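See below for the structure under consideration.
No lab work stands behind these numbers, since they all come straight from the coordinates. Since this is a predicted model, take the numbers as computed values, not measurements. Backbone-built Cβ (ideal geometry, glycine too); neighbour counts: all protein chains shown.
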Amino acid sequence: MAATKLLIIEDEKQIARFLELELLHEGYQVNLETDGREGLEKVKQSHYDLIILDIMLPGLSGMEVCRRIRHFSNVPIVMLTAKDDIESKVMGLDIGADDYITKPFSIEELLARLRVALRHQIKDSSPKELHIGDLIMDGTRHQVTRNGKSIELTKKEYDLLEYLIENQGIVLTREHILEKVWGYDYYGGTNVVDVYIKYLRDKVDEPFEDKLIHTIRGVGYILKEACGRGTE
Ligand code: CA
């Protein structure tokens, strides 16, 4: 089984380094970012099992990073803060953090909370397996296979495919896809949808005989099994 992958977003070098070493020692795979904005980008680009997020960060505050992550992901977030006032604790949970830990903390306490947050995540997302034809999307392992062949997708491609499968058989406009997959605060145009549909087609459709992604000219896209064949 692949190692659990964590991202630490923390600008205090000593704490970050300490955490990184302890978590590596526990067998986690660990990435480190020291800037809020760069941390957010990292979460958008790759899959993580849990995020450890400091509140006072350069670039973008931890609260804002958390709020934005929740637009596109349910990844568990444990927030770190030097402020132990009840107000920021409530606020952290309110914007979608799973837990909250006050500095200075003991590593045992943090590890215990990480385990709880990870367990909840596994329970919440339990056997979410999506199918269309011979394509299987395994939500718990974040894996996609078609006709038994494993397909490597980036996070955005994965999210797009997931959305298409959940809405299979329905014509989806570019605007709708953009809003659901990229989120409300995405300022680019709908061209990005076409670009990512092409990426997906190259991986999911091109190597196979039957096409799943269909263009509805002037409207958008639909995911469906090829019709007019055999049993269906
Ligand atoms: Ca800080």
Can you give the net charge of the other residues whose Cβ lies under 15 Å from the Cβ of HIS176, counting K and R as +1 and D and E as -1?
-> -4
Any idea what diffusion coefficient the range 5-124 gets from Stokes-Einstein, in µm²/s, Kirkwood Rh on alpha carbon pairs, 4 °C, 1.567 mPa s?
-> 93 µm²/s
Taking 0.36 nm per residue of separation and subtracting the Cα-Cα distance, what length does fully extending ASN74 through TYR187 add?
-> 38.5 nm
How high is the relative contact order of the range 5-124, in percent, counting Cα pairs under 8 Å that sit 6 or more residues apart?
-> 22 percent
Given the peptides 108-118, 207-217, arrange them by the average over their residues of other C-beta atoms within 10 Å, most packed first.
-> 108-118, 207-217
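To the nearest µm²/s, what D does Stokes-Einstein give for the chain at 10 °C and 1.306 mPa s, using the Kirkwood radius over alpha carbon pairs as Rh? Numbers along the way, then the final one.
Details: Rh = 19.3 Å.
D = 82 µm²/s.
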Added length on full extension, which subtracts the Cα-Cα distance from 0.36 nm per residue, LYS224 to GLU129 = 32.5 nm
Antiparallel DSSP beta bridges within the chain, as percent of all bridges there, nearest 5 = 50 percent
Please give the calculated 222 nm ellipticity per residue for the chain, where each DSSP H segment of at least 4 residues contributes -39500 (n - 2.57) and the sum is spread over every residue; nearest 500 deg cm²/dmol?
-> -11000 deg cm²/dmol
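What is the percent of Cα-Cα separations in the range 129-223 that go past 19 Å? Intermediate values should be presented prior to the final figure.
Values: 1587 of 4465 pairs.
Distances greater than 19 Å cover 36 percent of the Cα pairs.
Tell me, in nm to one decimal, what length is gained between LYS149 and ASP35 on full extension, where the rule is 0.36 nm per residue of separation less the Cα-Cα distance? Display every interim value, and only then the final one.
Working: separation 114, 0.36 × 114 = 41.04 nm, distance 3.77 nm.
The LYS149-ASP35 span can extend by a further 37.3 nm.
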